[in-house]
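Enquirer: Here it is: the structure, laid out below.
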Amino acid sequence: MSTPTTPSVHNRANPFKARITANYSLTGEGSNKDTRHIVVHLGASGINYVPGDSLGVIPRNPPEIVDELLPHLGLDPATSIDQPTGPVSLRDLLIHQYALNRVSKKFVKAVLERLPEGERKAKLAEIVGNDEAFDDYIYTRDYTDVLVDYPVSFTAQEFLPLANKIAPRLYSIASSPKAHPGEVHLTVAVVNYHTHGRQKRGLASGFLAHGQPLNVDGLPVYIQPTKHFHMPAPDASIIMVGPGTGIAPFRAFLEHRGVEGATGRNWLFFGDQKKATDFLYEAEFAEMQRKGLLTRLDTAFSRDQAEKIYVQDRMRENGAEMWKWLQEGAYFYVCGDAKRMARDVHQMLITIAQEHGGLSPEAAKEYIEVTFAKTEKRYLKDVY
Ligand SMILES: Cc1cc2nc3c(=O)[nH]c(=O)nc-3n(C[C@H](O)[C@H](O)[C@H](O)COP(=O)(O)OP(=O)(O)OC[C@H]3O[C@@H](n4cnc5c(N)ncnc54)[C@H](O)[C@@H]3O)c2cc1C
Ligand SMILES: NC(=O)c1ccc[n+]([C@@H]2O[C@H](COP(=O)([O-])OP(=O)(O)OC[C@H]3O[C@@H](n4cnc5c(N)ncnc54)[C@H](OP(=O)(O)O)[C@@H]3O)[C@@H](O)[C@H]2O)c1
């Protein structure tokens, strides 16, 4: 296994102010998504990492969101707020410290309390009183959306405790430090959606894509070392399943193995919506195949035909070969969506153990979940 990352002075509490030196779309014209390649320059930070680690990013709000919200709250942007480091304007405090793209439940409850008795109050009370309806309500709304529907005002001292503080977001690192010294590359799917008549973005993905100008120090980052998602010995074979942004750590693994001249075989499964627009890093992987670094590449484009084809369908089609690799000692890595993809890929591994290992359903489950994953530690996940 690769050596774990040595701790840095920069961490969640003391992030390094890095700069973005490249930021471009990997998805083409006509894609349903905007997935970006972001290059973060680590300057003189002394930060180091290994493939499998993630980058922690501490985002901030676009100033326009704050400027739009403050009149609805009835607040002056210049209001001075005491902080441990000295007074700051309410506008600056909100930009840097409070997550404003999704309304908090405690704020909605405070709005409800302030509403005069009547039809509107009854309608909001019904939503707040039903857990599912309340979750749905806050999922698509920010503070401005709520105040447009229910105009009530707050003092700064009343509002601040009702909003949630910004939390860092993690991104799987998509580069090898040996291929790109001093840099961290990321593969970021920008969260973009239109609700209640307004266009919105994810806080961190929006900030990485649109909030930080190129070549300016000011992106607070730190390394979140992986506990378990390490590369195996250079001569071990690896099977990597990484649809969508799940591809990120595998680009790092492949780059690293290329630089180190690792002799182990590399088999990659990639999937996304459409080949023409969503084949992330297509040219790089073609070059790796040409050089013999990428032994096999199997792709599953889900929306290029009437029926969905997913990475686990490609695994099944190649089940005999995959079982052979696993029996010969290959490691199996999966990265990306936890809720659906990783669960289905897990199930497919069990199916392959049944179909090609001749195991009963119970024995196949035991083999994958206990022997393969826990005893031999050859099944590793980085899912979110
Ligand atoms: C270990 C780890 C590794 C990760 N690696 C990557 C990676 O390599 N690449 C990557 O892109 N991500 C990765 N992620 C996910 C990443 O951390 C963020 O969760 C992701 O970028 C979204 O964050 P955000 O701040 O942009 O969105 P948020 O501000 O968290 O926005 C999400 C909110 O927007 C609202 N919303 C979102 N979509 C809609 C919609 N369609 N309609 C209505 N409302 C909506 C919801 O309220 C939702 O809660 C990883 C996560 C983990 C834990
Ligand atoms: N559970 C969720 O809410 C959820 C799920 C996925 C992604 N996301 C988020 O959406 C953003 C963009 O994601 P992404 O670009 O990384 O890719 P993604 O949405 O995970 O999609 C990548 C590919 O995986 C396919 N897919 C969907 N369900 C699958 C399943 N059960 N098994 C195997 N493949 C499956 C998709 O097909 P189709 O889209 O055509 O079905 C697509 O071809 C990320 O921020 C991610 O965290 C959220």
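Enquirer: Let me check I've understood the local charge: for Met288, count other residues with C-beta under 12 angstrom from its C-beta, Lys and Arg +1, Asp and Glu -1. What total comes out?
Expert: +1
Enquirer: Summarise the long-distance tail of P(r) for segment 238-383 by giving the % of C-alpha pairs beyond 22 Å.
Expert: So the portion of pairs separated by more than 22 Å is 37 percent.
Enquirer: If packing is taken as the average number of other Cβ atoms within 10 Å across a peptide's residues, how do 349-359, 304-314 rank, most packed first?
Expert: Most protected by this proxy first, the peptides run 349-359, 304-314.
Enquirer: Given Lys123/Lys339; Lys227/Lys291; Lys275/Lys324; Lys227/Lys377; Lys121/Lys165, which pairs have Cα atoms separated by over 22 Å?
Expert: Over 22 Å apart, Cα to Cα: Lys123/Lys339; Lys227/Lys291; Lys275/Lys324; Lys121/Lys165.
Enquirer: Quick check: convex hull over the Cα atoms of the chain, volume per residue in Å³, rounded to an integer?
Expert: Taking only Cα atoms, the chain has a hull volume of 170 Å³ per residue.
Enquirer: So, one more: Once you charge only the Cβ atoms, +1 for Lys and Arg and -1 for Asp and Glu, what is the size of the charge dipole of segment 238-383 about its Cα centre, to the nearest 20 debye?
Expert: That gives segment 238-383 a dipole magnitude of about 140 debye.
Enquirer: Could you give the radius of gyration (one decimal) and Dmax (whole number) of the Cα atoms in segment 285-357, in Å?
Expert: In Å, with Rg to one decimal and Dmax whole: 13.4, 37.
Enquirer: Could you work out which residue, out of Ala133, Ala204, Ala300, moves most in a Gaussian network model of the chain, that is, has the largest mean-square fluctuation with Cα springs under 10 Å?
Expert: Among Ala133, Ala204, Ala300, the largest GNM mean-square fluctuation belongs to Ala133.
Enquirer: Is the C-alpha gyration tensor of segment 12-106 telling us rounded, prolate or oblate? Criteria: a/c under 1.5 is rounded; beyond that, a/b larger than b/c is prolate, otherwise oblate.
Expert: oblate
Enquirer: Rank Ile58, Pro249, Ala236 by how far each Cα sits towards the positive end of the charge dipole of the chain (+1 on Lys, Arg Cβ; -1 on Asp, Glu Cβ) and give me just the farthest.
Expert: The listed residue farthest towards the positive side: Ala236.
Enquirer: Among the aspartates and glutamates, select those whose C-alpha is under 20 Å from the C-alpha of Lys374, and discard any that sit fewer than 8 residues away in the same chain.
Expert: Glu328, Asp344, Glu362, Glu366, Asp382
Enquirer: Net charge within 10 Å of His185 by Cβ-Cβ distance, Lys/Arg positive one each and Asp/Glu negative one each, not counting His185 itself?
Expert: In short, -1.
Enquirer: Please name whichever of Leu42, Thr27, Leu115 sits farthest to the positive end of the charge dipole of segment 1-142, dipole taken about the Cα centre and charges placed at Cβ: Lys and Arg +1, Asp and Glu -1.
Expert: Leu42
Enquirer: Over the Cα atoms, compute the radius of gyration (one decimal) and Dmax (the largest Cα-Cα distance, rounded to a whole number) for segment 78-131, in Å.
Expert: For segment 78-131, the Cα radius of gyration and maximum Cα-Cα distance read 15.7, 45 Å.
Enquirer: Applying the Karplus parametrisation 6.51 cos²θ - 1.76 cosθ + 1.60 with θ = phi - 60° to the phi angles of segment 191-207, what ³J(HN,Hα) value in whole Hz is obtained for each residue in order, glycine and proline being reported as x?
Expert: Those phi angles translate into 6, 10, 7, 10, 9, 6, x, 10, 7, 10, 9, x, 4, 7, 5, x, 5 Hz.
Every read-out reported here was derived from the displayed coordinates using simple, explicitly stated rules and does not represent laboratory data. Treat the numbers as computed from the prediction; the structure is a model and nothing was measured. For neighbour counting, all protein chains shown are included, and Cβ atoms are generated from backbone atoms with ideal geometry for every residue, glycine included.
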